[in-house]
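One structure is given here, and the rest of the page talks about it.
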Amino acid sequence: MKDRPSEPGVHDVTDLVDDIIAQALEAGSTDIHWEPIDDGMLVRARVDGQLRDMEVLSQRLSENVISRLKIMASLLTYRIDIPQEGSFLWEHGSTNDSSMGAELRVATFPTVRGERAVVRVFRRSTHLQSLDSLGLTTKPAAQLRAAAALPAGLIVVSGPAGSGKTTTLYALVREIQRLTPGRSIIALEDPVEQRLDRVAQVQINPYGELGYERCMRSVLRHDPQVILLGEVRDRQTAFIVVEAALTGHLILTTMHSGDPAETIVRFLEMGIPPYQLVSAMTLVCSQRLIRLRCRHCGASPLRGCNACLNTGYSGRTAISQISTLDERTRSLILLQSPASVLREELKKQELDLNGRARELLASGVTDEEEVVRILGCKLSD
Ligand SMILES: [Zn+2]
């Protein structure tokens, strides 16, 4: 938490807000929360997936801070009784690469203690990660690369919210552009998280007219070769995605599911005929993000230092289990085997998430507590 030498005056609010945003971006934040509390405002930033307190502002400043954010995002300052959404580009900032050039989306909401605001940070495509920088080991990276080079098929990245699924999809798009340049790529997303070069990106409104299914039907008439579809969350979308893969398109998508076995079974449960799924699906990549021990203090019993803002962790890495549909897996799917049977089979193919976490633990870069938090189980067996 930042201690300011003296409380800034109301006329300093512009600098104060710039200062807080710059600091949050420099720390690699993905979201900044401006939360009204009983006697003022708590500012928190999400770093490595966890919210951290930044500072507490006095009551006197909080309304002005929200007004300043609204001005920046071209919102109506005099309307404090309705939720509003807007955005602005952040061009300035320090020389630190990660804080340069970001789109900041502001959403406000009236609460009983006053207006609350959340600023989501969308970094520019110059910050796109490559497949190799995701923390994948050599074999999974090679498998993803091979699947991305195919002319058609269905690649599903699965995991809970905040497990880095979109980052992997974007890295795959970059890989496709590198390996097979000249393919037409269309992305349907909710929300569009980064602007991608040479990709037609569409903002989906899942509850409005432009939902995934409707958009997908129109997009198929735009001569696409590669389609990135943000998430398969219902039966209709599952069907159209499989159909598109079977008619010669390469589809990249995500699903909110635990591991590859669960992902495959979810498609079957949504009514996709097994013979269609085995022809369409190329690969499932299930992943999680694991926080790494702080390099400065992580090994000491008394953890916490300035570098990690006293959390004991700094940075994250991805662990993944990649399953391809080999002969044996196909036959199990055609027999509509339960997830438990598929899981045992896929474990023979490739180390599962628990196995990957065990490797990380053995190398000492993370600890048991973090693994339990992410995977929800101990790895003693
Ligand atoms: Zn530390």
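The values are calculated or read from the model by the stated rules, or taken from the named source; none is laboratory data. As the structure is a computational prediction, the values presented were derived from the model and not from experiment. Backbone-built Cβ (ideal geometry, glycine too); neighbour counts: all protein chains shown. The accessibility values were calculated without ligands, DNA or RNA, using every heavy atom of the protein model including side chains. Shrake-Rupley method; radii C 1.70, N 1.55, O 1.52, S 1.80 Å.
Observations on the structure shown:
- With at most 16 neighbouring Cβ atoms within 10 Å, loop GluC sites (Glu not before Pro) (DSSP) excluded, longest segment of the chain: 210-381
- Distant-in-sequence amide contacts of ARG116, defined by a placed amide H-H separation under 5 Å and a gap of 5 or more residues or a different chain, comprise PHE109, THR111.
- Put a plus charge on the Cβ of each Lys and Arg, a minus charge on the Cβ of each Asp and Glu, and nothing anywhere else: the dipole of region 224-275 about its Cα centre is then about 100 debye.
- Percent carbon-and-sulfur accessible area, the chain, ignoring ligands, DNA and RNA, probe 1.4 Å: 51
- 27 Å Cα-Cα reach of LYS378 towards lysines, excluding residues that sit fewer than 8 places from it in its own chain: LYS139, LYS165, LYS347, LYS348
- 3J(HN,Hα) along region 300-305: 7, x, 8, 7, x, 8 Hz, from the Karplus curve 6.51 cos²θ - 1.76 cosθ + 1.60 with θ = phi - 60°, whole Hz, x for Gly and Pro.
- Placed amide H near MET54: partners under 5 Å, 5+ positions off or other chain: VAL43, ARG44, ALA45
- The largest accessible area among SER320, SER6 belongs to the first residue in SER6, SER320, and the rest follow in falling order (1.4 Å probe, all chains).
- Positive-end residue, the chain charge dipole about Cα centroid, Cβ charges, pick of ILE319, ALA27, CYS297: ILE319
- Contact order normalised by residue count of region 126-375, Cα under 8 Å, 6+ apart, percent: 21
- The chain - mean residue ellipticity at 222 nm from DSSP helices (-39,500 (n - 2.57) per run, n ≥ 4, rounded to 500): -10500 deg cm²/dmol
- Counting only protein heavy atoms and using a 1.4 Å probe, the accessible area of ARG174 comes to about 100 Å².
- Taking amide H as placed 1.01 Å from N in the peptide plane, the amide H of ILE37 sits under 5 Å from that of LEU42, each at least 5 places away or on another chain.
- Only Cα pairs under 8 Å and 6+ residues apart enter the sum, and on that basis the relative contact order of region 16-158 stands at 20 percent.
- Rounded to the nearest 20, the Cβ-based charge dipole of region 15-173 about its Cα centre (Lys and Arg +1, Asp and Glu -1) stands at 660 debye.
- Partnerless Cys - the chain, beta-carbon criterion under 4.7 Å: CYS215, CYS285, CYS377
- Placing unit charges on each Cβ (+1 for Lys and Arg, -1 for Asp and Glu) gives the chain a dipole about its Cα centre, and among HIS11, ILE251, VAL202 the Cα reaching farthest toward its positive end belongs to ILE251.
- Computed about the Cα centre, the dipole magnitude for the chain is approximately 800 debye when only Lys and Arg (+1) and Asp and Glu (-1) carry charge, each at its Cβ.
- For ALA238, the shell of other residues with beta-carbons less than 10 Å away shows a net charge of -1, using +1 for Lys and Arg and -1 for Asp and Glu.
- Rough spin-label spacing in nm, given labels placed 7 Å along Cα→Cβ, for TYR275 and ALA146: 2.7
- Placing a label point 7 Å from the Cα of VAL56 along the Cα-to-Cβ line, the residues of region 20-45 whose backbone N sits under 12 Å from it are 37-43.
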